[in-house]
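First the structure, in the form of structure tokens, and then the observations on it.
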């Protein structure tokens, strides 16, 4: 199998110019108005809650995801709004989980992803559990400027809590395709 | 007393299903911004949205 090796300069950067006429290329590079997506410019983050959150029964409450594991493009706000606002337009894989507990009278629990302040997808909906982990997974489009996503949970019963923990109450997103 | 409890006191006939974010007619929300719980949606077909005075 043949291969082509390209040596970069001392900066490590290489520029490729697309020919203006059709050739015999076997690799297609997007038109000069497009952006070649590589791992370095595709935002991704993972964060979790490290504080157990006491919430009100039957109130859809934003999960305070306040600790980052990674945030490649500094697009996740873990201090004020707990939201992801990517600066690159495209399609994103989104994952979330909520570990919860209630002391008694549990009726229902659910997890929801919000886009721009409105519910866009619902995850697990469970009834009759005093403790469980709810999950949600979806793909959605974010415009790279004003679109943002957040994660909410709602619990019934008395003494409802969102339980802290990097492995159980978390929020993640990663770009999977450009726009 | 929480907002949910106040509303339940005013309208004892309401059930948890009425507050479901998926199919409920009433949505209570908290944006974890320190402003507390609030009524984000009230679309109940027969019960009127409580006034601020009733919820005070």
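Taking the numbered list (1) farther than 12 Å from residue A:61 by Cβ; (2) at the interface with chain A (Cβ under 10 Å from one of its Cβ atoms) in turn, residue B:38 passes all entries but (1). Within the stretch B:29-49, being part of a loop (DSSP other than H, G, I, E, B) and either under 12 Å from the mean Cα position of the chain (by Cα) or surrounded by fewer than 16 Cβ atoms within 10 Å (Cβ to Cβ) (or both) holds for B:33, B:34, B:35, B:36, B:37, B:43, B:44, B:45, B:46, B:47, B:48, B:49. Here is the figure for the stretch B:1-28: residues that are under 9 Å from the mean Cα position of the chain (by Cα) and free of Cβ contacts under 8 Å to residues at least 12 places away in the same chain total 2.
Going by the conditions given, is residue A:114 free of Cβ contacts under 8 Å to residues at least 60 places away in the same chain, surrounded by 17 or more Cβ atoms within 10 Å (Cβ to Cβ) and within 18 Å of the chain's Cα centre (by Cα)? Considered against the rule, which asks whether it is free of Cβ contacts under 8 Å to residues at least 60 places away in the same chain, surrounded by 17 or more Cβ atoms within 10 Å (Cβ to Cβ) and within 18 Å of the chain's Cα centre (by Cα), residue A:114 comes out as yes. Residues that are surrounded by fewer than 16 Cβ atoms within 10 Å (Cβ to Cβ), assigned to a loop (DSSP other than H, G, I, E, B) and within 11 Å of another protein chain (Cβ to nearest Cβ) are absent from the stretch A:148-168. Within the stretch A:78-113, which residues are within 12 Å of chain B (Cβ to nearest Cβ) and outside any loop (DSSP other than H, G, I, E, B)? Hits for the stretch A:78-113 are A:83, A:109, A:110, A:111, A:112, A:113. Within the stretch B:1-23, the residues that satisfy the criterion of being at the interface with chain A (Cβ under 9 Å from one of its Cβ atoms), assigned to a loop (DSSP other than H, G, I, E, B) and crowded, with 18+ Cβ neighbours inside 10 Å are B:20, B:21.
Readers should treat all values here as calculations from the given coordinates under stated rules, not as data from a laboratory. For clarity, every value in this text was computed on a predicted model and none was experimentally measured. Every residue, glycine among them, receives a Cβ derived from its backbone with ideal geometry; neighbour counts consider all protein chains shown.
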